[in-house]
Amino acid sequence: MARRAKIRIEDDDAELNITSLMDIMTIILVFLLKSYSTEEITVTPSEDLSLPNSTATLKPQLAVNTVVTKAAITVDGVDIVAVSGGAVDPGQKRGTLISPLFDRLKDLADREKANAERPGYSPFTGRLLLQIDRDVPFSLVREVMYTAGQAQFGEFKFVVYGQEG
């Protein structure tokens, strides 16, 4: 019994050493500060996409990402419609409206509007981030922009390669 009492006394005299805890917290803080990004988004163009160069210095903003290449039109990483010879198959269009693209963008607009009514969500901006290959004809760009406008996306942000320097 005397032995147990002695052990309890030694436990009561133990001191808390916070040096190692402070070291760990400092390392975590430095890691979080280094990994924190001040830019809203990072845009990584696909390999089959050749973007034009520009001297623009504006940073990309968070928006629905639409990619137009020589082979396809993609929305948020999902292929929507094939492109052949710089044009969409006429069976996929109603005049200048690209039907599959309109359906996808309209669904996204409706979803963003529904989310905007919830607390904590930002309002629907109708912003579209366009990555368009430099060799795509303007007629296709016009059709994509018209279709997006009909789906209530009226603010276009074009992605280009920035000049270093």
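Quick look at the values:
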{"item": "Test: residue in region 83-90 that is buried (at least 16 other Cβ atoms within 10 Å of the Cβ) and either of a type in the set (S, T, Y) or in a strand (DSSP E or B) (or both)", "result": "yes"}
{"item": "Only one of L128, L105 that is closer than 17 Å to A63 by Cβ and either without any contact (Cβ under 8 Å) to a residue 40 or more places away in the chain or not in a strand (DSSP E or B) (or both)", "result": "L105"}
{"item": "Residues of region 75-99 classified as touching a residue at least 24 places away in the same chain (Cβ under 8 Å) and of a type outside the set (S, T, N, Q), total", "result": "11"}
{"item": "Some residue of region 65-82 being assigned to a loop (DSSP other than H, G, I, E, B), at pLDDT 60 or above and of a type in the set (V, I, T)", "result": "yes"}
{"item": "Positions within region 6-42 being modelled with pLDDT under 70 and β-branched (V, I, T), in sequence order", "result": "I7, I9, T38, I41, T42"}
{"item": "Residue count, region 114-125 (criterion: in a helix (DSSP H, G or I) and over 18 Å from the mean Cα position of the chain (by Cα))", "result": "1"}
{"item": "Pairs, first hydroxyl-bearing (S, T, Y) in region 143-157, second surrounded by fewer than 22 Cβ atoms within 10 Å (Cβ to Cβ), C-beta under 8 Å, six or more apart", "result": "Y146/T96; Y146/L97; T147/T96; T147/L97; T147/F102"}
{"item": "Residue list for region 104-157, filter: surrounded by 13 or more Cβ atoms within 10 Å (Cβ to Cβ), hydroxyl-bearing (S, T, Y) and more than 22 Å from V88 (Cβ to Cβ)", "result": "T125"}
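The values are calculated or read from the model by the stated rules, or taken from the named source; none is laboratory data. Computed from a predicted model, the values in this text were never measured in an experiment. Reconstructed Cβ throughout: ideal geometry from the backbone, glycine too, with neighbour counts over all protein chains shown.
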